[in-house]
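Okay, structure first, notes after.
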Amino acid sequence: MEKLWGGRFEGKSETWIDEFGASIPFDQKLAKQDIIGSLAHVKMLGKTGILTDTEVIQITNGLNILQEKLSTGKLEFTLENEDIHLNIEKFLHEEIGSVAGKLHTGRSRNDQVATDMHLYLKDIVQEVIEKIHLFRQVLVNTAEANIETIMPGYTHLQHAQPISFAHHMMAYYGMLTRDQERFSESLKRVDISPLGCAALAGTTFPIDREYTAKLLGFSHIYENSLDGVSDRDFILEFLSNSSILMMHLSRFCEEIILWCSHEFQFVELTDTFSTGSSIMPQKKNPDMAELIRGKSGRVYGNLFSLLTVLKGLPLAYNKDLQEDKEGMFDTAHTILTSLEIMAGMVDTMKINREVMEKSTEKDFSNATELADYLASKGMPFRQAHEVVGKLVLSCTKEGIYLQDVPLEKYQAITPLIEADIYQTLASKTAVERRHSYGGTGFDQVTSAIQRSKLQLQSEEK
């Protein structure tokens, strides 16, 4: 088959070489954007007088036909035409004849593909923002229903202090809010048009780049044609933001996986988000949470892959840049699906409140309460810390907990301790009393939830 760029060549490439160099197996995902970009380009060619009105109408009609065929699945892309641009151009030639060749006036595949990817990521990032918003709403709803649900807070995966389960949920709300902000802020670097940069040096034709940018909904254009065709920072930023997002989802999934275990039994996932075992009939595995935890690795890999591709590239376009797309497509699919699953999984999981609270009663997570109690009575905190530490050691040897220690023994240690100590040591009291801003106290958590609800509402306007 004759190549659209084959005028310079005498020989013909072999099929296996064509297969290695072709990008159509994956860049066909950009077909919609490629046609949209071409419609804007041809309209500009008419506005500037580069093409006649008749030529613009012919090409526009042909592109509209291709748009319709694409939406109904009637375009069959071929490896012979190597990429989405040449496939679309070939289809257009079949529809309207040789006038199709005039569409490529004043542009190159280099600025064309860059434009396609900017258009693609504009849509994807907006969709990611919407899905993060919905997941944050689920987290707030879950928190609001569990303000007084008590659970152990952990450091080093050891019981540390009792906290509100709502407070734990709102910690992830904070992470996801920052994720959403990162994607939102990245849009201004996606929202730039490279169309008209041509191969690398611009063009001799009197094109109007601002006009095509406006038609395509871009706020800005690249100021430098070399930069416009070789920039992939906007994809790197998307992959970086996606990696941070997946890290947060993976951390949450790790906790859900632990909470589902027989040792914890804090939550139970619905059957929709669980699977069984082919040999052990009792199993109910949190596979969806495990898959999201695992898929964080592939998203990280996509980021490092593109960083590595770009690190040694001279300006401007190099064929290496063909490797910028598959990781972008894969990451987009992975994070969008993961966000949907996370929202559904958290929204429907059963929270075993009694098990959570009971786990704070047979531990020493109230040791800080005793130390704070002594400090409030005038004992220097460091001294109080030592006193309580020695008492915990003594209790451990006896097989009892702080709330089991008789008042006589407490008062033998220090007369500062009075009968109200047992109320102070109660898990609910320990949580309730933490009134510092951003703390786990019920009033603080309630305020945080109300602020978050207002924040979510403001984003929807």
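Name the residue that is nearest to the chain's Cα centre (by Cα), counting only residues in segment 29-88 that are among the acidic types (Asp, Glu), part of a helix (DSSP H, G or I) and crowded, with 17+ Cβ neighbours inside 10 Å.
Restricting attention to segment 29-88, the residues satisfying the condition of being among the acidic types (Asp, Glu) are 34, 53, 55, 68, 76, 80, 82-83.
Restricting the remaining residues to those that are part of a helix (DSSP H, G or I) gives 34, 53, 55, 68, 80.
Cutting the leftovers down to crowded, with 17+ Cβ neighbours inside 10 Å gives us 34, 55.
Numbers: Asp34: 25, Glu55: 44 Å.
Restricting to residues being among the acidic types (Asp, Glu), part of a helix (DSSP H, G or I) and crowded, with 17+ Cβ neighbours inside 10 Å, the top hit is Asp34.
Touching a helix residue (DSSP H, G or I) at 6+ places or on another chain (Cβ under 6 Å), part of a loop (DSSP other than H, G, I, E, B) and of a type outside the set (Gly, Ala, Ser): which single residue out of Ile147, Ile96, Ile132 fits that description?
Numbers: Ile96 fails: part of a loop (DSSP other than H, G, I, E, B); Ile132 fails: part of a loop (DSSP other than H, G, I, E, B).
Being touching a helix residue (DSSP H, G or I) at 6+ places or on another chain (Cβ under 6 Å), part of a loop (DSSP other than H, G, I, E, B) and of a type outside the set (Gly, Ala, Ser) holds for just one of Ile147, Ile96, Ile132, which is Ile147.
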Name the single residue that is nearest to Thr368 (Cα to Cα) among those in segment 428-440 being buried (at least 21 other Cβ atoms within 10 Å of the Cβ) and at pLDDT 95 or above. Val431
All but one of (1) among the small types (Gly, Ala, Ser); (2) part of a loop (DSSP other than H, G, I, E, B); (3) modelled with pLDDT under 95 hold for Ala412; which doesn't? (2)
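Taking the stated definitions as given, is Tyr211 farther than 29 Å from Arg136 by Cβ, in the same structural domain as Val138 (by TED's automatic domain parsing) and touching a strand residue (DSSP E or B) at 6+ places or on another chain (Cβ under 7 Å)? So that I can check it myself, show each step before the final result.
Details: farther than 29 Å from Arg136 by Cβ: yes; in the same structural domain as Val138 (by TED's automatic domain parsing): yes; touching a strand residue (DSSP E or B) at 6+ places or on another chain (Cβ under 7 Å): no.
No.
Just to be sure, is Ile150 under 30 Å from Met345 (Cα atoms), over 28 Å from the mean Cα position of the chain (by Cα) and either buried (at least 16 other Cβ atoms within 10 Å of the Cβ) or not assigned by TED's automatic domain parsing to the domain that holds Gly196 (or both)? Before the answer, list the steps.
Details: under 30 Å from Met345 (Cα atoms): yes; over 28 Å from the mean Cα position of the chain (by Cα): yes; either buried (at least 16 other Cβ atoms within 10 Å of the Cβ) or not assigned by TED's automatic domain parsing to the domain that holds Gly196 (or both): yes.
Yes; evaluated as a whole, the condition is true for this residue.
Going by the structure shown, is Leu239 among the aliphatic types (A, V, I, L, M), surrounded by fewer than 22 Cβ atoms within 10 Å (Cβ to Cβ), in the same structural domain as Glu290 (by TED's automatic domain parsing) and out of contact with any strand residue (DSSP E or B) (no Cβ under 9 Å at 6 or more places or on another chain)? Spell out the reasoning first.
Values: among the aliphatic types (A, V, I, L, M): yes; surrounded by fewer than 22 Cβ atoms within 10 Å (Cβ to Cβ): no; in the same structural domain as Glu290 (by TED's automatic domain parsing): yes; out of contact with any strand residue (DSSP E or B) (no Cβ under 9 Å at 6 or more places or on another chain): yes.
So Leu239 fails the test.
Counting only residues that are part of a helix (DSSP H, G or I) and over 46 Å from the mean Cα position of the chain (by Cα), which one in segment 357-389 is surrounded by the most Cβ atoms within 10 Å (Cβ to Cβ)? Break it down stepwise before answering.
Taking segment 357-389 and keeping what is part of a helix (DSSP H, G or I), we get 357-358, 367-376, 381-389.
Now restrict to residues that are over 46 Å from the mean Cα position of the chain (by Cα): 383, 387.
Details: Gln383: 13, Val387: 18.
Out of the qualifying residues, it is Val387.
Report yes if Glu418 is in a loop (DSSP other than H, G, I, E, B), among the acidic types (Asp, Glu), under 45 Å from the mean Cα position of the chain (by Cα) and more than 30 Å from Glu130 (Cα to Cα), otherwise no. Working first, answer last.
Values: in a loop (DSSP other than H, G, I, E, B): yes; among the acidic types (Asp, Glu): yes; under 45 Å from the mean Cα position of the chain (by Cα): no; more than 30 Å from Glu130 (Cα to Cα): yes.
In short, no.
The values are calculated or read from the model by the stated rules, or taken from the named source; none is laboratory data. Predicted model only: the values in this text are computed from it and were never measured. Please note: Cβ atoms are built from the backbone with ideal geometry, for glycine as well, and neighbour counts cover all protein chains shown.
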